[in-house]
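Presented below is the structure to which this report refers.
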Ligand SMILES: [Zn+2]
């Protein structure tokens with residue numbers, strides 16, 4: 001998994017915001033993670049503790065908001081949250097669809113001191 005590079009990117013975004021805010025320390029980071037990213041909270045926290053050492057973000061608490069997968073049916077345009085392995089449109093039973101949510105990985109907000 002690409003979680004180390006994802007976490008390094010996350011840290012650089014956070015540090016950039018912290019610097020712009022003139023913050024001494026980052027205390028909390030709110031994240032949105034889509035279900036399709038396959039990203040596991042614990043491993044992000046694990047890598048974060050590692051890469052944030054000796055930065056103003058060391059010791060920050062990560063809070064995760066999980067975004068479910070949403071698809072838009074290519075046949076009828078309906079939007080729906082698919083079941084685990086059953087990506088069938090509930091309206092017309094077409095298979096699959098365009099992913100409209102579930103791939104995001106973003107920093108929602110940070111708290112600083
Ligand atoms: Zn449909």
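The values are calculated or read from the model by the stated rules, or taken from the named source; none is laboratory data. It should be emphasised that the depicted structure is a prediction, and the values quoted were computed from it without experimental measurement. Backbone-built Cβ (ideal geometry, glycine too); neighbour counts: all protein chains shown.
Computed values, structure above
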read-out	value
Pairs where the first residue, in the stretch 84-102, is without any contact (Cβ under 8 Å) to a residue 12 or more places away in the chain and the second is within 9 Å of the ligand (Cβ to nearest atom) and not in a strand (DSSP E or B), C-beta under 8 Å, 6+ apart	88/94; 95/89
Any strands (runs of 3 or more DSSP E) falling wholly within the stretch 26-113 and containing at least 2 residues that are more than 16 Å from the ligand (Cβ to nearest atom) and within 18 Å of the chain's Cα centre (by Cα)	26-34, 61-67, 105-112
Among the candidates 53, 72, residue that is at pLDDT 95 or above and closer than 25 Å to residue 13 by Cα	53
Yes/no for residue 29 being more than 21 Å from residue 112 (Cβ to Cβ) and touching a residue at least 24 places away in the same chain (Cβ under 8 Å)	no
Residue match in the stretch 59-78 (condition: surrounded by 14 or more Cβ atoms within 10 Å (Cβ to Cβ) and free of Cβ contacts under 8 Å to residues at least 12 places away in the same chain)	no
Within the stretch 14-25, tally of residues that are surrounded by 14 or more Cβ atoms within 10 Å (Cβ to Cβ) and either assigned to a helix (DSSP H, G or I) or touching a helix residue (DSSP H, G or I) at 6+ places or on another chain (Cβ under 6 Å) (or both)	4
Unmet requirement for residue 52, which otherwise passes all of (1) in contact with a strand residue (DSSP E or B) (Cβ under 6 Å, 6 or more places away or on another chain); (2) touching a residue at least 40 places away in the same chain (Cβ under 8 Å); (3) surrounded by 13 or more Cβ atoms within 10 Å (Cβ to Cβ)	(1)
